[in-house]
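Structure first, then comments.
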Ligand code: FES
Ligand code: FES
């Protein structure tokens, strides 16, 4: 076992891990961050998407030791317990952008990075930005509408 230090949603922690353990397994099984989903477990679907040092990454194909010293953001950090929903989360609710919800955490992580880097993202850029996240339920229309809504609300806020 190796000790690694992670800052997860703002909380710094040291945890002992096996060298072969994925970041997804360590987040869920050792640190109780169940908002991180695992579906394919092979890097194909994007369900496990988190942000590592500000950039999206697939937690199922990253070894936990590779994230040693890193700052990890998960869906659980978007709206801590008792806090209002993050604007993207509220937009997903308003636009009915989820059904089973299994893809949602990863979608939100990718969408947050997209709008942070491209606040004026076009619809095509939104679709391209979410292309690595698969949804088996919604047909994507509500998800694209939700990201568009969050984009427009943020830009209206800036203009005021
Ligand atoms: S669970 Fe990680 S990409 Fe599918
Ligand atoms: S809401 Fe079910 S997979 Fe996307």
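Numbers for the structure displayed
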{"item": "Prolate/oblate/rounded call for the range 34-99, Cα gyration tensor, a/c under 1.5 rounded", "result": "oblate"}
{"item": "Ordering of 63-73, 108-118 by packing [mean C-beta count within 10 Å, highest first]", "result": "108-118, 63-73"}
{"item": "Listed peptides 31-40, 122-131 by packing density, highest first (mean Cβ within 10 Å)", "result": "31-40, 122-131"}
{"item": "Distant alpha-carbon pairs in the chain (separation over 29 angstrom), percent", "result": "18 percent"}
{"item": "Rounded to 10°, Cα long-axis angle of helix 141-159 versus longest principal axis of the chain", "result": "80 degrees"}
{"item": "Residue exposure sequence - 145, 58 - by fewest surrounding Cβ within 10 Å", "result": "145, 58"}
{"item": "Residue exposure sequence - 86, 44 - by fewest surrounding Cβ within 10 Å", "result": "44, 86"}
{"item": "Antiparallel bridge percentage (DSSP; both residues within the chain; nearest 5)", "result": "90 percent"}
{"item": "Rounded Å value of the spacing that divides the Cα centres of the range 1-16 and the range 107-160", "result": "30 Å"}
{"item": "CD proxy at 222 nm, helix term only [per DSSP H run n ≥ 4: -39500 (n - 2.57); per residue of the chain; nearest 500]", "result": "-9500 deg cm²/dmol"}
{"item": "Beta bridges by DSSP in the range 2-77, antiparallel share as percent, to the nearest 5", "result": "90 percent"}
{"item": "Prolate/oblate/rounded label for the range 77-160 (Cα gyration tensor, a/c 1.5)", "result": "oblate"}
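None of the figures in this text is laboratory data; all of them are computed from the coordinates on show. Note that this is a predicted model, so its numbers are computed, not measured. We place every Cβ from the backbone using ideal geometry, glycine too, and count neighbours over all the protein chains shown.
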